[in-house]
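*Asks:* There's a structure below that I have some questions on.
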Amino acid sequence: MIIKNHFTSVDDVADLTALLAEVTLEKRKKSSMNLFRHKTVGLLFLNPSLRTRFSTIKAAQNLGAQTISVNMGQGGWALETSDGVVMDGGKPEHIKEAAGVLSAYLDVLAVRSFPELKDRDADYADEFINQLRKYATIPVLSMESATLHPLQSLTDLFTIQERWKKSQKPKVVLTWAPHIKPLPQSVPNSFAQWMNKADVDFHITHPEGFELAEKFVGNANIEYNQQKALENADFVYVKNWSSYQKYGVIGKGLDDWMISQNSLKKAPNANVMHCLPVRRNVVIADDVLDSKQSIVIEQAANRVPAAQAVLKLLLEGSHQ
Amino acid sequence: MIIKNHFTSVDDVADLTALLAEVTLEKRKKSSMNLFRHKTVGLLFLNPSLRTRFSTIKAAQNLGAQTISVNMGQGGWALETSDGVVMDGGKPEHIKEAAGVLSAYLDVLAVRSFPELKDRDADYADEFINQLRKYATIPVLSMESATLHPLQSLTDLFTIQERWKKSQKPKVVLTWAPHIKPLPQSVPNSFAQWMNKADVDFHITHPEGFELAEKFVGNANIEYNQQKALENADFVYVKNWSSYQKYGVIGKGLDDWMISQNSLKKAPNANVMHCLPVRRNVVIADDVLDSKQSIVIEQAANRVPAAQAVLKLLLEGSHQ
Amino acid sequence: MIIKNHFTSVDDVADLTALLAEVTLEKRKKSSMNLFRHKTVGLLFLNPSLRTRFSTIKAAQNLGAQTISVNMGQGGWALETSDGVVMDGGKPEHIKEAAGVLSAYLDVLAVRSFPELKDRDADYADEFINQLRKYATIPVLSMESATLHPLQSLTDLFTIQERWKKSQKPKVVLTWAPHIKPLPQSVPNSFAQWMNKADVDFHITHPEGFELAEKFVGNANIEYNQQKALENADFVYVKNWSSYQKYGVIGKGLDDWMISQNSLKKAPNANVMHCLPVRRNVVIADDVLDSKQSIVIEQAANRVPAAQAVLKLLLEGSHQ
């Protein structure tokens, strides 16, 4: 067993080494069109998606599976997630029924649901994805939840492993970067969670006040001085996130946290990663994104074999 | 011939027994992937859809057919349905052209179009679906029109027949239930229409002022006392609808029409049905939905073989 | 080589005669389902689409290819197209990254992007499609850009050629017609561009002030008197466009430019074409659209083999 019942966090992975080997395998063979012709992957998007949408659908198609996508709120509707309530408000359907019904139509239920960034406790309960796990009778696949983004993190770890040829552990630095709008902590939370399980020397750097939740930080080294943290880094993972402490607040006067060639002076061999989309010259400067140090497109391309490996495992019932 | 040219009401069914047998057959074999690989089912959604979308697409995929979906108004545009008008308003395309063109691209045209609930005569003319029937040269499949929902009703009748093992007719009661918003009469209209053709003892109960259109009620027994109507019911079909008499008006002070275990005291063996989505503790109480008496998920699951049988018949040209 | 790297204007066509022969071939065989089962066509819609959406997807399906569609702004997001900017505005992703990533997931990238009709220079730079051509490493297929609509024009030319059996050149007249809203010049620009490459006697008629850009008009005969222009026409291509001179302005008091049987008195054998959607009794009268002279449905139906030929050539790498 490589993946347990669902795939919504690294905790669903029973054998990480075997999972990474599956990604390599899927990347090599690319497609196996007749494998799952009778299976259907449903994709529910409660939020916009470009990369995740295309890569997950492409992965399913490579496996020969059918897909059905719906943008909830546009083509669908809002779901009630609390139990026992009188449903006289804006949500016409309970997740119990939706999960039950979709389980009858589909073989895997993939879902994207962002946080509201207003009520931290509500967001961190990750109720939407957890209620789906509870009520669905088919595997639930997170395409990014309120707190985590495991398909991205699997891709990130695979990309690091594929690139790294030396015997010593790579120095991996997750660095906060500026942004103009409050963003979720899902990508950094999830990246930290996966790095803690991986064979890497893991560091996080961010301004004071941007500490991530402890349960995700794990054994990472925290360094508030970005320059110092980046020294001799092999992989620099750039990402903005809004404050977890002062929930949803964005930083001000922190523009010098943008990653440019100047930031990388003491990390001349660093591979620069970002999950995309990236605001150029706000988060990362053109002089990095347009240089050979940037591996963001290669990283994005790896979303397909990563999703393919996870979907294959979920579809073939490795979880049973 | 089992289905005539189109499938937009029970009147398109030439042989109901044979149609139900086809549903059983499709449910058993589940999929026949190479049957219609060169055929394409187009799905036009003028209104939101979750169950109907997933089940109809899944049914098409099980038959090996291709699908193309579009949410009109989002990805498409509004269509003019009146003949002879000067089209200088908000509708840039006439249904004549749209039907003609889509007939050239597709093999079946599935359409969902709700009523406005403002002008009864306009809604009950069901102009959108009827103009499509008139101008399309391929079969038109209703995924719910302004007045009817035949795919739902076929599913409902199939579910009742599949569940019912006794020799006498089952007592089937369609009961009105409360809701917070004005809903169409499509589901109850259509259910009544199909029950009139089926071998059941059919009753309808609702508050005064919620009488359905006579042409759909047919030979149903009308009973204004819900408790009395539900006595010894074998199947209780719960559904809200807004008034047909005072068109589009919702009831007030009618909360005790909600179906709970209390309502079912004299119907201890009743199977409770609802087309979903259902507002819990407004339409039906948790104590019913979470009990074994509720068959709403099983009912929803049957949407796939029902759609599959209809699509198969339309695609293989049983109508020719 | 029939098509060069991309297909965003007639200038990408290396051999027009061979391309038209391919359309004939595709129309005849209709589908070849196993040809491109491992290939995926991505469709990005920045604007609404009915015909183009259905015909392009159907064409891909006929070739056995997979498709993934997304309505940007709904399911996706706005893309920055200018280089070197600080991306602190409403566009969270640069077209460089989007093109790079989509090139990794897809085999052909089809895009629809209308003009804003406010800034002529900006629209006529056709930046969105041209930046995609620059940064994508896969073929870019225009499903209508700010200035051109080559899939429509290929269809139009094919339709004319297929209909025309005489040895002399057909007289083809593109005529301006009234409309209630400002429309792009894309369809007439593109039609003019293709007619200039075709073996036809090409005329354009429009009110003064509605001259198209010279580079697209080419060697067409311009005639401001519609009646005179239409005399003995074999094909009348009807289309409204807003002014290119007074950019985006619509005409007033020009209702008599509508095409009716009255307009065609001196062109009794003319085939009337329009790309659709058409506002009846504003652009073209019922008495023409409902007559045998109208070939608009046949023309629209030809969108499938035209798209199929282009997709086939792009997918099989005729461009390499």
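Taken together, the values in this text are just the output of simple stated rules run on the coordinates, not laboratory data. It should be emphasised that the depicted structure is a prediction, and the values quoted were computed from it without experimental measurement. Cβ: placed from backbone, ideal geometry, glycine included. Neighbour counts: every protein chain shown.
*Asks:* Would you mind checking the pairs A:LYS239/A:LYS265; B:LYS252/B:LYS292; C:LYS252/C:LYS292; B:LYS29/B:LYS171; C:LYS239/C:LYS266 and listing those with alpha carbons more than 21 angstrom apart?
*Replies:* From the list (A:LYS239/A:LYS265; B:LYS252/B:LYS292; C:LYS252/C:LYS292; B:LYS29/B:LYS171; C:LYS239/C:LYS266), the Cα-Cα distance tops 21 Å for B:LYS252/B:LYS292; C:LYS252/C:LYS292; B:LYS29/B:LYS171.
*Asks:* Here's a follow-up. To the nearest 10 degrees, how steeply does helix B:16-29 sit against the main Cα axis of chain B, on a 0 to 90 scale?
*Replies:* Approximately 80 degrees, to the nearest ten.
*Asks:* Next question, about the same structure. Label position 7 Å from Cα toward Cβ: report the copy-to-copy distances for B:LYS29 in nm, one decimal, ordered from shortest.
*Replies:* 2.9, 3.0
*Asks:* Moving on to the next point. Computed over the Cα atoms of the range B:113-168, what is the ratio Rg over Rh, Rh following Kirkwood?
*Replies:* Reported Rg/Rh (Cα atoms, Kirkwood Rh): 1.16.
*Asks:* Determine which aspartates and glutamates satisfy two conditions relative to B:LYS197: a Cα distance under 16 Å, and not lying fewer than 8 residues away in the same chain.
*Replies:* B:ASP11, B:ASP12, B:ASP15, B:ASP156, B:GLU214
*Asks:* Residue by residue through B:133-146, how many Cβ atoms from other chains fall within 10 Å of the Cβ on average?
*Replies:* 0
*Asks:* Could you give me the ³J(HN,Hα) list for the range A:280-294, computed from phi with Karplus coefficients 6.51, -1.76, 1.60 and θ = phi - 60°, whole Hz, x at Gly and Pro?
*Replies:* In residue order, the calculated couplings are 5, 6, 10, 8, 9, 7, 3, 5, 8, 4, 8, 9, 6, 5, 6 Hz.
*Asks:* Taking each label point as 7 Å beyond Cα in the direction of the beta carbon, state the distances from C:LYS215 to the same residue in the other copies, shortest first, in nm.
*Replies:* Distances to the matching label points in the other copies: 5.9, 5.9 nm.
*Asks:* Go through the range C:217-222 residue by residue and turn each phi into a ³J(HN,Hα) via Karplus (6.51, -1.76, 1.60, θ = phi - 60°); whole Hz please, and just put x for glycine and proline.
*Replies:* With the stated coefficients, the range C:217-222 comes to 4, x, 9, 4, 7, 9 Hz.
*Asks:* Taking a label point 7 Å out from Cα toward Cβ, give me the nm distances from C:ALA18 to the same spot in the other copies, shortest first, one decimal.
*Replies:* Sorted ascending, the copy-to-copy spacings read 5.3, 5.3 nm.
*Asks:* Taking neighbour counts of Cβ atoms within 10 Å as a proxy for exposure, in what order, fewest first, do C:GLU144, B:GLU223 appear?
*Replies:* B:GLU223, C:GLU144
*Asks:* Out of residues 5 or more away from A:ASN221 or on other chains, whose amide H comes under 5 Å of its own, with H placed 1.01 Å from N in the peptide plane?
*Replies:* A:PHE202, A:HIS203, A:ILE204
*Asks:* Taking the 0 to 90 degree range and rounding to the nearest ten, how far is the long axis of helix A:303-315 tilted relative to the main principal axis of chain A, both from C-alpha atoms?
*Replies:* Rounded to the nearest ten degrees, it is 30.
*Asks:* Report the local net charge at B:ILE250: Lys and Arg +1, Asp and Glu -1, summed over other residues whose C-beta lies under 13 Å from its C-beta.
*Replies:* Once positives and negatives cancel, what remains is +2.
*Asks:* In addition: Only bridges with both residues in the range C:1-160 count here: give the DSSP antiparallel percent, nearest 5.
*Replies:* 5 percent
*Asks:* Now, a different point. Helix B:186-197 sits at what angle to the longest principal axis of chain B, using alpha carbons and giving 0 to 90 degrees rounded to 10?
*Replies:* Roughly 80 degrees, rounded to the nearest 10.
*Asks:* Moving to a separate point now. Quick one: of the DSSP bridges fully inside the protein assembly as shown, what percent are antiparallel, nearest 5?
*Replies:* Within the protein assembly as shown, antiparallel bridges account for around 5 percent of the total.
*Asks:* Given a Förster radius of 56 Å and the C-beta distance between C:ASN269 and A:ASP83 as r, what FRET efficiency does 1/(1 + (r/R0)^6) yield to the nearest 0.05?
*Replies:* E between C:ASN269 and A:ASP83, to the nearest 0.05, is 0.20.
*Asks:* Still on this structure, please answer the following. Grab the other residues whose beta carbon is less than 12 angstrom from that of A:LEU20, score K and R as +1, D and E as -1, and report the net.
*Replies:* Local charge sum for A:LEU20: -4.
*Asks:* Continuing with this model, one more query. Per DSSP helix of 4 or more residues, -39500 (n - 2.57); summed, then divided by the residues of the protein assembly as shown. What does that give at 222 nm, rounded to the nearest 500?
*Replies:* Using -39500 (n - 2.57) per qualifying helix, the result is -10000 deg cm²/dmol.
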